[in-house]
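Here's the structure we're looking at; comments come further down.
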Amino acid sequence: MKSEESVITQEDLLRPVQAASVLIPNNVFLAPLAGITDYPFRAIAKRFGPGLTVTEMISARALCMGNQKTFTMARPGPGEDLLSVQLFGSDPIVMKEAAKICQDLGAAVIDVNMGCPQKKVIRSGSGAALMKTPGLAASIIEAIVSAVDVPVTAKIRLGWDLECLNAPEFSRMLESAGASMVCVHARSRSQMFGGTADWKAIRAVKHEVGIPVIANGDIRCAEDARRCLAESGADGVMIGRAALGRPWVLAQAVGSLSGSLDVPPPVPGEISEIIDLHLDLIMSHYSPEAAAWTARKHVAWYTKGLKYSAAFRDQVFRTGSIKDLKRLKDEFFKNLTDPET
Ligand SMILES: Cc1cc2nc3c(=O)[nH]c(=O)nc-3n(C[C@H](O)[C@H](O)[C@H](O)COP(=O)(O)O)c2cc1C
């Protein structure tokens, strides 16, 4: 008899995802990453064809207090007609008000962070702490659903710790409360980012709910995306860390799930062009100081693994402006591609 995993055929793997009224064109998503998935990075990632991108987690309270920097984080940038805005918080009323603001700013989906393991987030009962208070988590979803027209989704973990892996029942409660999709990072809160994501454990969530289930955790390459879908039985995959400095992994995952497209990684000259585009976006989005601070880490990620890049990265972190960073980057890629060197 065939195993459940092998029943999934190649053609099944790349498909749209229907989250309530919103049809997400394909099932490869970019994960929310605090301090990273800002508008410039999402715009670069979008060129590689993910079905959905998600903002960094945004404080619902800060939005309600009118914090302008938080408004900028929550506002879709040019061309972002399908943006999921992720909120964190634990007060249903505050979350509901913040969700209304996000909808007014142009969010196509509101996502609720129920997976962040960081102390400063869980201390207030937000993030992964909500997995210990399912009733409150459901109230938050209900409150938001009652106030906005866009789909409301949640990003969760397998549970709080190995003794309480409640993702299946928890997801069922969220679905009953009105959630339109759930994304599962296949680790418990106590694992933080250690160990290995247990994609197979997502199967139990999929059995429990009718809404789309997206699998997340440790998807590092196109082949992982295929294996993760097969092992989890999920409707889609969400890729985070693997896209840092390698946003083309999204196109490679799309190609791989389609079963027909082998997308080669860009050559160094193309990587240099992607960095130029990214730096331009960063410059138009941030103040000069914030731009340099943001850009340095991305340039370092883009060059990781390239010849002579360790010494280059040291220099990157000593640059004080985007102009210097660009000059340094151009020199690095020129040396890399120059046949004389
Ligand atoms: C630096 C960093 C920032 C993150 N920020 C968020 C966040 O804002 N919201 C969220 O739901 N998850 C956040 N996560 C978790 C990721 O979205 C994802 O669940 C996790 O990294 C596992 O997926 P990956 O192995 O593909 O990276 C963050 C992870 C990292 C490493």
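Restricting attention to helices (runs of 4 or more DSSP H) lying wholly within the stretch 207-292, give those where 2 or more residues are in contact with a Phe, Trp or Tyr (Cβ under 8 Å, 6 or more places away or on another chain), in the same structural domain as Cys183 (by TED's automatic domain parsing) and closer than 17 Å to Val54 by Cα. Helices (runs of 4 or more DSSP H) meeting the threshold: 249-258.
Taken over the stretch 225-257, the residue count meeting the criterion of being within 14 Å of the ligand (Cβ to nearest atom), crowded, with 20+ Cβ neighbours inside 10 Å and among the charged types (D, E, K, R) is 1. Ser260 falls short on exactly one of the conditions (1) within 24 Å of Val17 (Cβ to Cβ); (2) touching a residue at least 12 places away in the same chain (Cβ under 8 Å); (3) surrounded by fewer than 14 Cβ atoms within 10 Å (Cβ to Cβ), and that condition is (2). Quick check, is Met131 out of contact with any Leu (no Cβ under 8 Å at 6 or more places or on another chain) and within 16 Å of the ligand (Cβ to nearest atom)? Criteria met by Met131.
In the stretch 47-74, the qualifying residues are those that are surrounded by 20 or more Cβ atoms within 10 Å (Cβ to Cβ) and over 21 Å from Asp91 (Cβ atoms), and the one that is nearest to the ligand (Cβ to nearest atom) is Val54.
Each row is one residue, and each column tells you yes or no for (1) within 15 Å of the ligand (Cβ to nearest atom); (2) touching a Pro at 6+ places or on another chain (Cβ under 7 Å); (3) within 23 Å of Val22 (Cα to Cα).
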| residue | (1), (2), (3) |
| --- | --- |
| Val94 | no, no, no |
| Asp104 | no, no, yes |
| Ile140 | yes, yes, yes |
| Ala143 | no, yes, yes |
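Residues that are part of a helix (DSSP H, G or I) and not β-branched (Val, Ile, Thr) within the stretch 293-308 comprise Trp293, Ala295, Arg296, Lys297, His298, Ala300, Trp301, Tyr302, listed in sequence order.
The values are calculated or read from the model by the stated rules, or taken from the named source; none is laboratory data. Everything quoted here is computed from the prediction, not taken from an experiment. Glycine gets a Cβ as well: all are built from the backbone with ideal geometry, and neighbour counts include every protein chain shown.
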